[in-house]
1. Size of the dipole of the chain about the Cα centre, Lys and Arg at +1 and Asp and Glu at -1 on the beta carbon, nothing else charged, in debye to 20?
2. State the volume of the convex hull built on the alpha-carbon positions of the chain, expressed per residue in Å³ and rounded to an integer.
3. For the range 168-244 and the range 269-324, what is the separation of their C-alpha centers, rounded to whole Å?
4. Of the options SER176, MET208, ALA27, report the single residue whose Cα projects farthest towards the positive end of the charge dipole of the chain (beta-carbon charges: Lys, Arg +1; Asp, Glu -1).
5. Residues with beta-carbon under 13 Å from that of THR9, excluding THR9: net charge, scoring Lys, Arg +1 and Asp, Glu -1?
6. Of the listed peptides 59-67, 358-366, what is their order by residue-averaged count of other C-beta atoms within 10 Å, with the highest listed first?
7. Might you report the magnitude of the Cβ-based charge dipole of the range 28-163 about its Cα centre, with Lys and Arg at +1 and Asp and Glu at -1, to the nearest 20 debye?
8. Kindly rank 244-253, 145-154, 160-169, 314-323 from highest to lowest mean number of other beta carbons found within 10 Å of each residue.
Amino acid sequence: MDAIDVIVTKRDGRELSADQIAWVVDAYTRGEVADEQMSSLAMAILLNGMGRGEIGQWTEAMIRSGSRMDWSGLDRPTTDKHSTGGVGDKITLPLAPLVAACGAYVPQLSGRGLGHTGGTLDKLESIPGWRASLSNDEMLGVLREAGAVVCAAGDGLAPADKKLYALRDVTGTVESIPLIASSIMSKKIAEGTGALVLDVKVGSGAFMKTVETARELARTMVELGTDHGVATVALLTAMDRPLGHAVGNALEVAESVEVLAGGGPSDVVELTVRLAREMLAAAGISGKDPEDALKDGSAMDAWRRMISAQGGDPDAALPRAAESIEVTAPASGVLARLDAYGVGLAAWRLGAGRARKEDSVSFGAGITLHAKPGETVRKGQRLMTLHADEAARFERALEALDGAYEVGETSDPSLLPLVIDRITA
Ligand code: URA
């Protein structure tokens, strides 16, 4: 096999054979195919696409590049959720213990944030003592003890994807549905979950800006999961405005704990319960309803066990930023629009996110939203509180918010419904 043949096949719009795909992914992982060759192939895939068979073979090759976890020794079904990422999307935090409290095991390998969307591990690391890196045995121990574990993926899981994703990030080849779908699904299939619910976000704060592209990504991922024996369902959900009232690591942990205590913002509660029901149904578990597990304290108990089992102190005070300023309503009326991307970018500039993988995040930085689209506001009323460790960060954050919100007479009719669609095999 020759890398140039593989590149030319895709450059000319032809289908790659199963042998070509298996060879090129393996040779790239071993360093035999160079970064410049793989980046050329990734660009050819981005421009010319891949058929269903090719995407399946590509995913399979990425899974085979590393180890596959096996939970078959557990006495209850496993089920997991993956979100394509958004602003204020802390749903995994209340969701994993909630689903555990309803009778499933939730083994979730998560990531850190890059750019304007936050990462689940960064959020959980704001809890004093909590550890993201676990060995496979420790992961199993936490699962048995708490019913749910959220931790970092080890180097052995889909290493081809790790290498390829870093390359795509710097070569303008992230936005390809075959490459995104195979990247996400290779990791989720290698993680070994029996059932999977995909939360595919749509809108300015998401990867997918339109319902049509989000639907295509969701369909591709549902097909991949189903073809690999994972019961997979996808919801398309709104990311034209932020989720909940908190954006930023420790702020989002605090909001998640409110949800687990039976309170919290209505959109976070609604989506958490909806996803929990989907995860349980996909795993074939019926019995306790997630709404009851939020009310009776069993989801909170599972959260406390999950955090403690990973060294965290669920009762410790969360980090707070040293400085804050308020943004107030410029007029009386209805908050017509609150753009997810603008808010995410502002939170990132406040220190909640990182620009490069090596950077650290500020746990206390972020934004508290005092009003959501559709709500009535009075002139001068607080719309947002911005939190940062250094006051010098506020200027650039305020620039990101310029034009990101609007007070009008009525709410914007183009606001997306929270759950837009449901995609099944
Ligand atoms: N998340 C991933 O894991 N992979 C992608 O390609 C995009 C988002």
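The values are calculated or read from the model by the stated rules, or taken from the named source; none is laboratory data. All figures in this text were calculated on a predicted structure; none of them were measured in a lab. We place every Cβ from the backbone using ideal geometry, glycine too, and count neighbours over all the protein chains shown. For the accessible areas, the whole protein counts, side chains as well, though only heavy atoms, and no ligand, DNA or RNA atoms are used. Shrake-Rupley method; radii C 1.70, N 1.55, O 1.52, S 1.80 Å.
1. My answer is approximately 280 debye.
2. On the way: hull volume 57.2 nm³, N = 425.
Hull volume normalised by residue count: 135 Å³.
3. Centre-to-centre distance over Cα atoms comes out at 23 Å.
4. Looking along the dipole axis, the top candidate is MET208.
5. -3
6. 59-67, 358-366
7. The dipole magnitude comes to about 240 debye.
8. Per-residue Cβ counts within 10 Å, averaged per peptide and sorted highest first, yield 244-253, 145-154, 160-169, 314-323.
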